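These notes concern the structure reproduced below.
The values are calculated or read from the model by the stated rules, or taken from the named source; none is laboratory data. Remember, it's a predicted structure, so these values are computed and weren't measured experimentally. Positions of Cβ are backbone-derived with ideal geometry, glycine not excepted, and every protein chain shown enters the neighbour counts. Side chains are part of the model used for accessible areas, which takes the heavy atoms of the whole protein and leaves out ligands, DNA and RNA. Shrake-Rupley method; radii C 1.70, N 1.55, O 1.52, S 1.80 Å.
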Amino acid sequence: MNVEFTVNGTAHTLDVEPNTLLVDVLRSTLGLTGTHVGCDTSQCGACTVHLEGRAVKSCAVLACQVDGGTITTIEGIGTVDDLHPMQEAFRECHALQCGFCTPGMIMSAIDLVERGEAGDEGSVRAGLEGNICRCTGYHNIVRAVLHAAQRM
Amino acid sequence: MNDRNTDTGIGAAVLRKEDRRFITGFGRYTDDINEVGQCHAVFLRSPYARADIGEIDVSAPLEMDGVIAILTGRDMAADGLGDLPCGWSVKSKDGSDMISAPHPPLASERVNYVGEPYGVVLAETRQAARDAAEAVATDFGELEAVVVLKTATSSEAIHEAVPQNRCYLWELGDEQATDAAFQNAAHVVTLELTNNRIIPNAIEPRAALATHNPASDEITLYTTSQNPHLARLILSAFVGLSPEHKLRLIAPDVGGGFGSKIFVYPEETTVAWAARRIARPVKWAADRSESFLTDAHGRDHLSRVELALDADGQFLGLRVRTTANLGAYLSLFAASVPTYLYGTLLAGQYRTPAIHVEVEGVYTNTVPVDAVRGAGRPEATYVVERIVEVAARQLGIDPVELRRRNMIQPDQFPYQTPVALVYDTGNYQASLDRALDAIDYGGFPARRAASEAAGKKRGLGFACYIEACGLAPSQLAISLGAGVGLYESGEVRVNPTGSVTVFTGSHSHGQGHETTFAQIVSDRLGVPFDDVEVVHGDTGRVEFGLGTYGSRSVAVGGSALVVAADKVIAKGKLIAAHMLKADPAAIDFESGEFSVRDSNQSLSFGEVAFAAYVPADYPEDLEPGLSEKAFYDPENFTFPAGTHIAEVEIDPQTGVTEVVAFVAVDDFGEVINPMIVEGQVHGGIAQGIGQALLEHGVYDDQGQLITGSYMDYCMPRADDLPDFDVDTTITPCTHNPLGVKGCGEAGAIGSPAAVMNAITDALGTEEITMPATSEKVWRICRGD
Ligand code: FES
Ligand code: FES
């Protein structure tokens with residue numbers, strides 16, 4: 001079936017199977033491999049992207065469900081020379097190690113700040129509950145989100 | 001050190017080079033890489049914990065759309081591929097060799113754990129391969145499975161060659177001296193301990209992509225490995241996949257390892273073999289369910305521990321009997337983890353004069369158990385630090401005071417322990433003192449009273465751990481049964497324009513070597529940090545390597561780079577001497593300048609680099625070029641040590657344990673990048689708290705893994721953890737050029753014991769096992 005959507009500002013019309021996941025379209029069809037897959041039960045959050053500006057787990061969304069939608073992935077929020085404040089904060093606070101959870105974590109964190117739910121440590125910790133990181137122990141991720149919240 | 005390097009040299013908290021790609025989505029992990037014409041692999045896996053494989057009917061699935069081939073263990077055996085080996089051999093106390101059960105990459109006759117692969121479907125899409133795998137009809141003859149560790153040695157033998165399912169019965173230490181110590185003891189403290197099975201769960205699942213070039217007969221395998229050279233060596237020398245020079249392994253960006261990506265697994269092996277067999281690139285990426293079922297698990301010990309003390313609380317003897325679960329087969333490091341990486345650490349930070357440990361390594365019908373972050377050392381720390389805390393409670397001595405009475409004193413180094421190690425240096429009192437300040441030990445009674453007033457229970461727990469890192473002096477390791485040396489290689493290649501490319505056999509999968517190693521080389525050579533590039537993880541580019549595990553990268557891999565950089569300086573002096581017409585012995589090198597002593601003549605590093613490649617008038621004995629290699633073999637292990645303190649508050653109404661404070665003061669020797677070191681400690685603590693409170697790999701009686709997804713296996717999340725209070729003290733390692741000890745595992749080593757000591761302190765009972773889930777705690781609070 002045909003779906004039309006915009007990813008990082010570029011419009012696409014694609015022929016997808018009814019059971020194709022959004023994450024597979026992003027990674028395999030569009031080559032946007034910054035969005036990762038870390039689980040098969042919609043728990044880890046490595047696949048988090050923005051749909052209409054809100055964080056969604058792209059492994060839990062069918063491609064056909066986003067017909068007409070606007071999607072932003074990690075590749076669409078900033079560039080190496082012009083980082084998003086959240087990207088910058090992750091680097092400055094050493095909020096990543098292996099980097100695998102990082103794109104999803106950054107996308108969730110941006111949404112958290114934009115929803116006004118990143119006011120203090122407790123709310124950031126609660127707000128990131130849907131994203132698992134095995135490397136950092138979250139300490140520096142929480143610092144980074146609070147830091148970025150000041151600048152966004 | 002010159003001015004430029006204070007921002008980026010050794011000791012500076014330099015922001016990481018690698019982050020630029022990771023935060024923008026341009027990391028390149030194995031599953032991000034695709035080859036033209038690739039097909040997809042999905043494995044046929046055993047649904048039973050133990051079964052004979054009968055007929056495998058692939059006729060229907062072979063007809064399905066997009067299916068290319070279905071290969072089984074029988075095809076692999078017919079091609080002559082060998083077994084996956086264990087890299088360490090351990091002897092039993094009676095002198096006999098351990099019994100290694102044959103481990104074919106794909107099972108052909110019998111499967112021995114749920115999820116064990118016995119075949120692979122290759123198809124145009126992953127979905128087609130999945131559908132076809134489901135359509136394969138295999139006749140299994142189900143057999144009784146051996147799942148329970150406690151009774152495994154009295155159960156039916158899993159492998160014909162292994163009576164009583166016992167791989168080895170290993171011992172270390174002086175049994176007679178230990179018995180004598182117990183006879184003279186004023187107090188004997190006894191404890192039964194379980195070290196729970198954990199599942200490593202790097203967030204990137206394992207993956208592989210293989211291509212075979214029929215003209216050159218070369219196989220290239222992209223894979224999620226912590227040590228691609230060692231994997232290549234094993235695949236060529238033991239498995240017989242292909243000659244070493246025809247096999248290139250590339251471990252690109254790797255999303256965490258924690259031990260689980262050290263080992264050579266069936267799936268990666270099969271993908272490489274299949275690519276040649278069907279003449280197509282083959283790709284496989286595990287889904288998380290496969291990770292749970294097939295990544296090597298960790299820990300899983302049952303121990304009985306006895307500590308003998310005199311009337312003053314001096315430790316006289318320690319006796320430990322441990323049963324260690326090895327799973328169905330011996331994974332690559334499996335034999336060494338519960339023996340040499342465990343028994344040798346049982347002296348801890350103490351002067352216990354007599355220690356005897358016996359470890360029974362046992363097969364069960366579960367996935368292989370191998371190294372997970374800390375590997376043997378968290379288990380040893382758990383034994384030592386739990387029994388010391390319990391002894392303090394039983395003797396009515398303050399737990400800090402009891403530890404102080406028994407600690408090795410700073411002037412007693414080097415210290416020979418009764419369990420084979422010589423600690424080179426340390427100052428355990430210094431890290432203990434710092435940690436006590438940080439937690440405000442004096443204020444604890446008031447905090448406890450406040451909790452009690454609010455209907456809560458508060459506890460404080462200590463762990464004064466030691467670990468042996470920087471694996472390892474080759475001669476010692478080989479004498480203890482290692483199959484390879486444990487040196488590391490490094491190469492410092494100076495380019496004609498003066499920039500530097502560094503090649504290391506260490507592998508970074510989160511540790512930040514591209515930054516730390518660049519700091520080391522930039523500092524040594526006086527070249528700008530940004531002009532140093534670090535290359536790792538590719539057998540086609542890096543000469544050799546043993547990879548990253550056991551907190552060895554900076555201590556061994558970093559030291560190799562120092563030696564190589566020093567050779568570059570020595571060669572540079574020859575070139576400078578020639579250019580300046582001076583005696584080489586009169587050339588000094590400092591801060592990136594070669595100068596003639598007592599003169600104003602000098603050349604910059606860049607000028608010498610350029611001259612090295614433009615040898616206009618070199619004398620015969622001066623070779624062009626400026627690139628040097630080193631293999632660094634450490635003299636000894638390094639011995640990071642420190643004190644971790646956990647403070648918990650328990651709500652008896654819900655059983656929820658909150659870690660309200662966690663202090664870690666570690667002595668890692670010199671620190672290259674304090675920001676990265678702190679991050680390593682944070683991550684380790686999170687895993688240790690996870691083990692203590694949340695994580696447990698559980699099989700049911702039939703050998704089905706019942707914690708096989710993130711719905712059932714509780715990973716620590718942001719709101720399960722506190723902020724950590726992390727600090728370091730420094731006694732430089734005495735035997736490597738950087739004075740470093742290693743920091744990757746400490747967090748996971750000290751924290752489980754600290755947390756459990758705190759919980760048992762709060763609850764007033766020792767009768768609770770890890771993980772101390774809210775249900776277990778709640779039941780104890782209710783008096784169930
Ligand atoms: S991949 Fe884990 S939540 Fe989507
Ligand atoms: S940085 Fe590795 S999982 Fe988060």
Query raised in the report: Considering the alpha-carbon set of the range A:1-111 alone, what are its Rg and its Dmax in angstrom?
Result: 13.6, 44
**Report entry** Projected-area average for the protein assembly as shown over all orientations - Cα convex hull basis, square nanometres
**Finding:** 40.7 nm²
Query raised in the report: Okay, helix-only estimate at 222 nm for chain A: each DSSP H run of n ≥ 4 adds -39500 (n - 2.57), divide by all residues, round to 500 deg cm²/dmol; what do you get?
Result: -8000 deg cm²/dmol
Query - Two-decimal ratio, the range B:487-632, of alpha-carbon radius of gyration to 2.2 N^0.38 Å - result: 1.07
Requested in this report: Quick one: order B:E306, B:E658 from most to least accessible surface, probe 1.4 Å.
Outcome: B:E658, B:E306
**Report entry** Dipole in debye (nearest 20) - the protein assembly as shown, about Cα centre, beta carbon charges: Lys, Arg +1; Asp, Glu -1
**Finding:** 620 debye
Report summary line: Expected max-MSF residue from A:A118, A:A109, A:A11 in the GNM of chain A (alpha carbon, under 10 Å) is A:A11
Requested in this report: Have a look at B:V121, B:A60, B:H682 and report the one farthest towards the positive end of the charge dipole of chain B, computed about the Cα centre with Cβ charges (Lys/Arg +1, Asp/Glu -1).
Outcome: B:H682
**Report entry** Within-11-Å neighbourhood charge of B:P378 [Cβ basis; K, R +1; D, E -1]
**Finding:** -1
Query - Accessible carbon and sulfur surface of the protein assembly as shown relative to its total accessible area, %, 1.4 Å - result: 48 percent
Report summary line: About its Cα centre, the range A:2-76 carries a charge dipole, from +1 on Lys and Arg Cβ atoms and -1 on Asp and Glu Cβ atoms, whose size in debye to the nearest 20 is 260 debye
**Report entry** Candidates A:N140, A:N131, A:N19: whichever shows maximal mean-square fluctuation once chain A is modelled as a Gaussian network with Cα springs under 10 Å
**Finding:** A:N19
Report summary line: Excluding residues fewer than 8 positions from B:K261 in its own chain, the lysines with Cα under 21 Å of it are B:K283
Requested in this report: For the range A:48-131, go through all pairs of different Cα atoms, get the mean of 1/r, take its inverse, and jot down that Kirkwood value in Å.
Outcome: 13.5 Å
Query raised in the report: Highest mean first, what order results for B:127-137, B:640-650, A:68-78 on Cβ atoms within 10 Å?
Result: B:640-650, A:68-78, B:127-137
Query raised in the report: For B:Y487, what accessible area in Å² do you get when you roll a 1.4 Å probe over the heavy atoms of the protein chains, rounding to the nearest 10?
Result: 60 Å²
Report task. Before anything else, pin down the relative contact order of the range A:2-76: Cα pairs under 8 Å, at least 6 apart, normalised by residue count, whole percent. Result -> 42 percent
Query raised in the report: What does the average come to when, for each residue of peptide B:696-709, you count the partner chain Cβ atoms lying within 10 Å of its Cβ?
Result: 0
Query raised in the report: Ranked highest first by the average count of other Cβ atoms within 10 Å around their residues, in what order do B:213-225, B:172-184, B:668-680 fall?
Result: B:668-680, B:213-225, B:172-184
Requested in this report: Quick one: compute the contact order of the range A:85-151, relative version, from alpha carbon pairs under 8 angstrom and 6+ residues apart, as a percent.
Outcome: 51 percent
Query raised in the report: Using a cut-off of 20 Å between alpha-carbon atoms, which aspartates and glutamates can reach B:K91, once sequence neighbours fewer than 8 places away in the same chain are excluded?
Result: B:E160, B:E171, B:D174, B:E175, B:E358, B:E360, B:D370
Query raised in the report: Which whole-number value in Å³ per residue fits the convex hull of the alpha carbons of chain B?
Result: 176 Å³
**Report entry** Per-residue average of Cβ from other chains inside 10 Å of A:138-146
**Finding:** 5
Query raised in the report: Over what distance in Å are the Cα centres of the range B:148-224 and the range B:317-360 separated?
Result: 10 Å
Report summary line: For chain B the mean separation of alpha carbon contacts under 8 Å (6+ apart) over residue count, i.e. relative contact order in percent, is 16 percent
Report summary line: Output field shielding_mean for B:438-445 (other chain Cβ, 10 Å radius) holds 0
Query - Across B:K17/B:K741; B:K457/B:K776; B:K567/B:K629; B:K571/B:K629, pairs whose alpha-carbon gap is larger than 18 Å - result: B:K17/B:K741
Query - Accessible surface buried upon B-A contact (total; probe 1.4 Å; Å², nearest 100) - result: 4200 Å²
**Report entry** Distance histogram for the range A:85-151 (every C-alpha pair counted, 5 angstrom bins, percent rounded to whole numbers)
**Finding:** 4, 21, 37, 28, 10, 1
